[in-house]
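Each remark here refers to the structure printed beneath this line.
Here, each number is a calculation from the coordinates, and none is a lab measurement. Note that the structure is a prediction, hence the values are computed from the model and not measured. Here Cβ is always computed from backbone atoms with ideal geometry, including for glycine, and neighbour counts include all displayed protein chains.
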Amino acid sequence: MRPRLWILSPLALLTSFVLANFPASPAEPAVASPGTNNSHYEFRAEHDPDGIGKFFMGREIAHVMGHQAADWLERPEREQEERPELLLPALKLKPGDVVADIGAGTGYYTRRLAKLVGDKGTVYAVDIQQEMLDLLTNKMAELKIHNVKPILGTITDPNLPVRSIDLILMVDVYHEFDYPYEMAQALCRALKPGGRMVFVEFRGEDASVPIKRGHKMSQDQVRKEMALQPLQFVETIETLPWQHIIVFQAKAAGSR
């Protein structure tokens with residue numbers, strides 16, 4: 001029997017509709033993109049309809065939400081569901097920091113990060129959809145925010161400057177990476193020595209979180225996947241209603 005998916009809450013129903021009707025791209029074929037190694041991945045013909053049939057370390061990769069559903073990222077209830085006023089202090093940012101918002105979308109978190117790092121700081125807003133970046137840059141202009149740099153990434157590389165980032169933030173996005181191993185490698189290259197990488201993911205261990213299974217991740221799964229990278233686990237912060245805040249730090253050169 002297939003495990004039951006939590007789809008009965010208004011949020012879960014809306015999430016299902018958005019991902020079913022506005023995926024960013026069709027399921028990834030079993031052909032490696034340039035610079036990738038498909039030996040990291042398994043492909044299955046039978047899989048969860050909310051996933052792309054591609055598995056990494058036992059986890060099925062979820063569909064990416066397309067830009068047509070960008071309004072969902074700005075839904076009024078998001079503030080209550082995700083509590084950004086609790087997440088942002090946990091990031092321990094300071095004025096002048098350089099931050100990368102991966103999967104920035106419309107800039108919901110980008111604009112909040114920009115305020116925290118101030119005029120002397122920089123926020124790189126990375127997305128793989130130019131349409132999302134167009135929406136984001138229009139919003140930044142409207143709000144007169146000038147310390148955000150939009151970057152069009154690819155499914156394997158965020159195109160960030162090497163050793164330039166103090167903190168990388170991924171909010172509900174890592175589980176959708178088509179090539180999580182390659183993307184994590186590229187993100188690690190972008191971190192400064194001692195830089196931090198933060199995953200915010202709906203808790204996969206908690207059946208009461210009203211999100212479909214493929215769009216949640218357990219702390220153990222995130223840690224297992226990041227064990228392949230030059231990162232050390234720092235902490236998991238559990239101040240949010242439905243999400244983990246999982247923090248890693250770049251290892252010093254030569255450390256294991």
* LYS149 long-range amide H proximity, modeled H, under 5 Å -> VAL123, TYR124, ALA125
* Using R₀ = 25 Å, calculate the FRET efficiency as 1/(1 + (r/R₀)^6) where r is the Cβ-Cβ separation of THR239 and ARG75; round to 0.05. => 0.70
* **Under 17 Å from the Cα of LYS149 - aspartates and glutamates, other chains or at least 8 residues apart** => ASP97, ASP101, ASP119, ASP127, GLU131, ASP134, ASP157, ASP166
* **Label-point separation in nm, ASP119 to ALA90, each point 7 Å along Cα→Cβ** => 3.2
* Asked: Given 0.36 nm per residue, what is the gain on full extension from PHE55 to ASN159 after removing their alpha carbon distance, in nm?
  -> 35.0 nm
* Asked: Over region 102-256, what is the percentage of antiparallel beta bridges among all DSSP beta bridges, to the nearest 5?
  -> 50
* To do: Counting only C-alpha contacts under 8 Å and six or more residues apart, can you give the relative contact order of region 122-164 as a whole percent?
  => 48
* Asked: Suppose every K and R has +1 on its Cβ and every D and E has -1 on its Cβ; what is the size of the dipole of region 50-167 about the Cα centre, in Debye to the nearest 20?
  -> 500
* To do: Report the label-to-label distance for LYS251 and GLU131 in nanometres (one decimal), using points 7 Å from each Cα along the Cα→Cβ vector.
  => 4.1
* To do: Give, rounded to the nearest 20 debye, the magnitude of the charge dipole that region 115-256 has about its Cα centre when Lys and Arg contribute +1 at Cβ and Asp and Glu contribute -1 at Cβ.
  => 500
* By the gyration tensor of its Cα atoms, with a ≥ b ≥ c the square roots of the eigenvalues, what is the shape of region 111-219: rounded for a/c under 1.5, prolate for a/b over b/c, or oblate? -> prolate
* To do: Using a Förster distance of 25 angstrom, determine the FRET efficiency expected from the C-beta separation of HIS40 and HIS146, and round it to 0.05.
  => 0.05
* To do: Order the peptides 131-139, 202-210, 178-186 from the highest to the lowest mean number of other Cβ atoms within 10 Å of their residues.
  => 178-186, 131-139, 202-210
* Structure fact -> Which of LYS94/LYS144; LYS120/LYS224; LYS144/LYS216; LYS139/LYS192; LYS144/LYS212 exceed 25 Å between C-alpha atoms? The answer is LYS120/LYS224; LYS144/LYS216; LYS139/LYS192; LYS144/LYS212
